[in-house]
Every structure is written in C-alpha cells, then in structure tokens.
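This report refers to the structure that appears directly beneath it.
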Ligand SMILES: C[S@@+](CC[C@H](N)C(=O)[O-])C[C@H]1O[C@@H](n2cnc3c(N)ncnc32)[C@H](O)[C@@H]1O
C-alpha cells in the first residue's frame, strides 16, 4: 500500500471526483423522489470517510474543499468528505446503503459514521465476490440504485460490473485509474509479473489488453522485439468503454480528472440502464472539467 493510502491523504483533485459524484447523487435522488422505488447505494471501495488533503498540492489548486479549523496547527488543514458520508447526507437519498472496504479500520469508521442510520450494511473484505453475491437480489423491479466503484488500482473486476449490469436496475459510476495505476502495470519491456497480468485480465475481463498494449517489431539487427505503444492509455480506455457498451445500455463520455500539473490521472465513467441517467451523467459529471 502506498504511504498516502495508509495515511489517508489525497491530492486536491479527489474533491473534483467527489463533488461530481455528489452532484450526480443529488440529481438522481431528485429525479426519483416521486417514484416508488427503493433506492440503493453501493460503495464498493468506500474508504476512510474523511481524508486529509496534501497541503503542498492545495496551494496550487482552487477547488472547493472543506476547511476544518485546527486548534494547534498554524496553517489550516483541509479535509475532504468521502463518498460514503456524501451518499448518507444527500437530499432525497437512499433507503439502503451497502459499504465495502478491505480495511478493518476503515470499516470501523464506516460503522461509526452510519450508527443510528437504518438500512446500512458495512462489509469488510474484497468487494468483488461480495457484490456478485448481492447483485441477484437487486434484480427487482422495485429497486433502483447506484454503485460507486472507486478503487486505487486495477481492483475492480469485470465480472463484478457484469453482475451489476445484469440487475437492469443499477447504474455505476466508475473511477477508472488509467494513468495513475493501470498504465503503470504495463511495463515498457512487456515483461509483466504474472500477478499484475492476472489483475489486468480480471479488470478488463479479457486478455485483449495485451495485444492492444504491445506490438512485435523488428529492430535494426533483424531481431523481433516487444514494444509498448505510445498511446496505450487511449487504447485501453477505448477497450474498456467498448466493453462497457456491450453490457450496459448507456455509457456516458468519460470525465477526465487531472492533477495540479494538468497531467491525466483517472476517468470517471458512468454506465447504466436508462437514458435519463445518461443525460444527467453527461451533464453533471463533466462540470468543472479541465480540457
Ligand atoms: C480510493 S479509496 C476510496 C475512496 C472513497 N471512495 C472516497 O472517495 O471517499 C479505495 C479504498 O478501497 C479499499 N480497497 C482496496 N481494495 C479493495 C477491495 N478489493 N475491496 C474493497 N475495498 C478495497 C481501500 O482500503 C481504500 O479504502
């Protein structure tokens, strides 16, 4: 685990992701508020609930972040509220919340912040098999819901997305950490540790990422060598989106989140079963985008 993950710190761009999610949850709740559906929220990689924004990066960025005054610190520390808290507090919110995290300490925080709230389930462990087990119960005409899928790396398995798509009732908002994590698993030499390769295959649901990422070319000496494509991120994004289109009726244009130096980090991708969600996602998730 990276130091920043252990210490619950994030770059200021995390607020852009979470503000977009929150705006979409508001839209969703309002759109369904007069409908009799039971609204379900899944947070597959629920996280620490509150994270500290790394201050060296704050100075460079002007995006809305919660200021929490500190008694002792000379400079004000800034914190950002995580996705579970935003989902719990959104107006016209959800009747049922399912929070998952691999980390027991984070699960404990999730239990604390949702204490006294009915219909909240916190589960510790790998969310993938758990969501696949949950999904058939969501295939119910009285249910509508959103799954926020926000891994650090290539930890969201394709089979999990398939199970959610099959419900016909669930939309997904995916953090696809392409530049931040996935592209880094694709080494220049093509020599990828087996564990990484398996993770990539589980994430894409296919081995196609290999042929997309690498070319076999002949060098000056006539030897065949493996070469990583220059535009691997774009190719992998296209693969992912085209595969999402096979399992969901609608997929919104991905929203690119960049860091303070304008380098691409990850994409927010909405996919779901109905057109109204698509319209909302296309409009809301793209607000504040730096192109
Ligand atoms: C990017 S953070 C989530 C941040 C959170 N969604 C937010 O924005 O407030 C990813 C979280 O996923 C958890 N995690 C990693 N792998 C997981 C897995 N396979 N299943 C469930 N949780 C996992 C980590 O412990 C971490 O808390």
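Condition check ((1) farther than 21 Å from residue 156 by Cβ; (2) without any contact (Cβ under 8 Å) to a residue 60 or more places away in the chain; (3) surrounded by fewer than 16 Cβ atoms within 10 Å (Cβ to Cβ)) across all residues:
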residue: 177; (1), (2), (3): no, no, no
residue: 180; (1), (2), (3): no, no, no
residue: 185; (1), (2), (3): no, yes, no
residue: 195; (1), (2), (3): no, yes, yes
residue: 201; (1), (2), (3): no, yes, no
residue: 220; (1), (2), (3): yes, yes, yes
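Filtering region 80-93 to residues that are within 11 Å of the ligand (Cβ to nearest atom) and over 13 Å from residue 147 (Cα atoms) leaves 80, 81, 82, 85, 86. Would you mind stating whether residue 214 is within 12 Å of the ligand (Cβ to nearest atom) and at pLDDT below 95? Here the answer is no, as residue 214 does not meet what is asked. Looking across region 253-291, just one residue is under 17 Å from residue 156 (Cβ atoms) and part of a loop (DSSP other than H, G, I, E, B), and that is 254. When you check residue 96 against the structure, is it at pLDDT 95 or above, away from the ligand (no atom under 16 Å from the Cβ) and over 17 Å from the mean Cα position of the chain (by Cα), yes or no? Spelling it out, residue 96 is indeed at pLDDT 95 or above, away from the ligand (no atom under 16 Å from the Cβ) and over 17 Å from the mean Cα position of the chain (by Cα).
The number of residues in region 235-262 being farther than 30 Å from residue 167 by Cβ and under 18 Å from the mean Cα position of the chain (by Cα) comes to 2.
Do we find a residue being within 17 Å of the chain's Cα centre (by Cα), at pLDDT 95 or above, under 23 Å from residue 153 (Cα atoms) and surrounded by 20 or more Cβ atoms within 10 Å (Cβ to Cβ) anywhere in region 86-93? Looking for residues that are within 17 Å of the chain's Cα centre (by Cα), at pLDDT 95 or above, under 23 Å from residue 153 (Cα atoms) and surrounded by 20 or more Cβ atoms within 10 Å (Cβ to Cβ), one finds at least one in region 86-93, hence yes. Residue check: residue 145 meets all listed conditions (1) within 23 Å of residue 248 (Cβ to Cβ); (2) modelled with pLDDT of 95 or more; (3) in a helix (DSSP H, G or I) but one, namely (3). Applying the criterion of at least 2 residues that are under 28 Å from residue 43 (Cβ atoms) to the helices (runs of 4 or more DSSP H) found wholly in region 156-219 leaves 158-167, 194-204. Of all residues in region 99-116, those that are more than 11 Å from the ligand (Cβ to nearest atom) and not in a helix (DSSP H, G or I) total 3. Of all residue pairs spaced 6 or more apart or on separate chains, none has beta-carbon atoms under 7 Å together with a first member in region 76-92 that is more than 12 Å from residue 48 (Cα to Cα) and without any contact (Cβ under 8 Å) to a residue 40 or more places away in the chain and a second member that is near the ligand (Cβ under 8 Å from one of its atoms) and outside any loop (DSSP other than H, G, I, E, B).
Those residues that are crowded, with 19+ Cβ neighbours inside 10 Å and free of Cβ contacts under 8 Å to residues at least 40 places away in the same chain, I need them from region 222-272; list them, please. Correct list: 250, 251, 252.
The values are calculated or read from the model by the stated rules, or taken from the named source; none is laboratory data. Keep in mind that this is a model prediction, so the values were computed, not measured. Here the Cβ is made from the backbone with ideal geometry for all residues, glycine too, and neighbour counts use every protein chain on show.
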